[in-house]
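Written out below as structure tokens is the structure these notes cover.
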Amino acid sequence: MTILITGGAGYIGTHTCVELLLAGIHVVVVDNLANASREALSRVESITGKDVDFVYGDVRDKKMLQQVFRDHAVQSVIHFAGHKAVGESTERPLMYYDNNVGGTLSLLEVMMAEGVKNMVFSSSATVYGDPRTVPIREDFPLMPYNPYGKTKRVVEMVLEDVHAADPTWNIALLRYFNPVGAHESGLIGEDPRGIPNNLTPYITQVAVGKLEKLAVFGNDYPTPDGTGVRDYIHVKDLAKGHVKAIEKLQGKPGFFACNLGTGQGYSVLEVLAAFEKACQRPIPYEVKARRPGDIAMCYADTTFARDFLDWEAGFGIEEMAAHAWNWQKQNPGGYGAQ
Ligand code: NAD
Ligand code: WQD
């Protein structure tokens, strides 16, 4: 079985390639390296001892995609490729719609022409917007409020319509909560360009001395300690969720949406404490104003993932912190230092 992984050189993509390869599934990666490095895939090969077919290209290039489908017996697609920075999406919405929505349309057109009808799509908890209650179930209202989140929701709707028009398609929308951590080898991990937007890479860069101190965005939320609460999920667990989804698609389930989270919320200060323990050093921080667009609490109801996908997260916050730190200290300059 060959799976096409778009965006497979990125953070979640590389970890998913590892789990697929270890499950005996062959992968071909298409990535334009807009936010990734070729080195990451060499590391995937080192971890697994298996080859990754890599095609440098953009998913909006239909000719290239068509060739990939013709060169490889692609059975299913996992579609990670896209832009993911919420703040940037508010400044450059067209770039986000073009890449995230346009890229998916291009991919779907080629899949349709080539008769490949199995797709796992990287969606996000951001499609729920600011939920009225937590934990969040898959049937909650979908009200994304930033352009990035809207691109994810638009793609979800496109996929729903593709399935409605031709029910022989099998489509999994996986809604990730907050992916963190790294492979325990320390060979692959998150390598953000510039100053990280997200909490845990910021923390590890403070710990390694690249950044001075963490700004905690608000301590006046209606949460136990006043800081924002999120459902952090180890990227390896998330990757295994994709293997489960791919297996599920073989049984022709039609269309479904599934949360991938742990079901457990941690506050910014709790995450900070876990990282201080993992890094064995204090991590300086300062409480600042709330970040515009942030919500108080977000964590998953994981019932559907457990019952339908037969998947549950295994790692806790300590391992997420330990593995993220292991990656950061082994690769203080990310992949670029190689
Ligand atoms: P990432 O940026 O590390 O990976 C995305 C990959 O896609 C990169 O390797 C990039 O080079 C590639 N890419 C971007 N545009 C492309 C294009 N037009 N053609 C080919 N390749 C292209 O991000 P990630 O964290 O691994 O996220 C993967 C997916 O999961 C994204 O769709 C993201 O929106 C979604 N997601 C991520 C998170 C998160 O917090 N990391 C949460 C929810 C959903
Ligand atoms: C987590 C918590 C911040 C940075 C984002 C996207 C979401 C999804 C995952 C893609 C919040 C606080 C953060 C910092 C802080 N991505 N924080 N200081 O915002 O929950 O989710 O990534 O789909 O769509 O919105 O993640 O890591 O940015 O923030 O205090 O320097 O940490 O306020 O409470 P977020 P995050």
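Read-outs: derived from the displayed coordinates by stated rules, not from any lab. In this text the structure is predicted, and so the values were computed from the model without any measurement. Here the Cβ positions follow ideal geometry from the backbone for every residue, glycine too, while neighbour counts run over all protein chains shown.
Evaluated over the Cα positions of the chain, the convex hull gives a direction-averaged projected area, one quarter of its surface, of 15.5 nm². Think of it as helices only: each DSSP H run of n ≥ 4 in the chain is worth -39500 (n - 2.57), and spread over all residues that comes to -11500 deg cm²/dmol at 222 nm. Between rounded, prolate and oblate, where does segment 204-338 land on the alpha carbon gyration tensor, with a ≥ b ≥ c its root eigenvalues, rounded for a/c under 1.5, else prolate if a/b exceeds b/c? Since a/c reaches 1.5 but b/c is at least a/b, the shape of segment 204-338 is classed as oblate. Using a/c under 1.5 as the rounded threshold, could you call segment 1-127 rounded, prolate or oblate? The axes a ≥ b ≥ c are square roots of the C-alpha gyration tensor eigenvalues, and prolate needs a/b larger than b/c, oblate otherwise. Here segment 1-127 falls in the oblate category.
What net charge is computed for the residues neighbouring residue 110, neighbours being all others with C-beta under 11 Å from the C-beta of residue 110, Lys and Arg scored +1, Asp and Glu -1? So the surrounding residues net to +1.
Fully extending the segment from residue 225 to residue 23, taken as 0.36 nm per residue of separation minus the present Cα-Cα distance, adds 68.6 nm.
Remark: the chain carries a charge dipole of roughly 360 debye about the Cα centre, counting +1 on each Lys and Arg Cβ and -1 on each Asp and Glu Cβ.
Think of the chain as a dipole: +1 on every Lys or Arg Cβ, -1 on every Asp or Glu Cβ, centred on the Cα centre; then among 18, 334, 315, 334 lies furthest on the positive end. Using the Cβ-Cβ distance between residue 168 and residue 197 with R0 = 45 Å, the FRET efficiency computed as 1/(1 + (r/R0)^6) comes to roughly 0.70.
When only the Cβ of Lys, Arg, Asp and Glu is charged (+1, +1, -1, -1), the dipole of segment 115-232 relative to its Cα centre reaches about 200 debye.
Stretched out straight at 0.36 nm per residue, the stretch from residue 184 to residue 50 would grow longer than its current Cα-Cα span by 46.4 nm.
For residue 139 and residue 281, the FRET efficiency from 1/(1 + (r/R0)^6), where r spans their Cβ atoms and R0 equals 51 Å, is about 0.70.
The H on the amide N of residue 263, modeled in the peptide plane, is under 5 Å from the matching H of 300, each at least 5 residues off or on a different chain. Given 100, 149, 287, which one lies farthest toward the positive end of the charge dipole of the chain, if we put +1 on the Cβ of every Lys and Arg and -1 on the Cβ of every Asp and Glu? Comparing the listed Cα positions along the dipole, 287 ranks first. Between rounded, prolate and oblate, where does segment 1-50 land on the alpha carbon gyration tensor, with a ≥ b ≥ c its root eigenvalues, rounded for a/c under 1.5, else prolate if a/b exceeds b/c? The shape class here is oblate.
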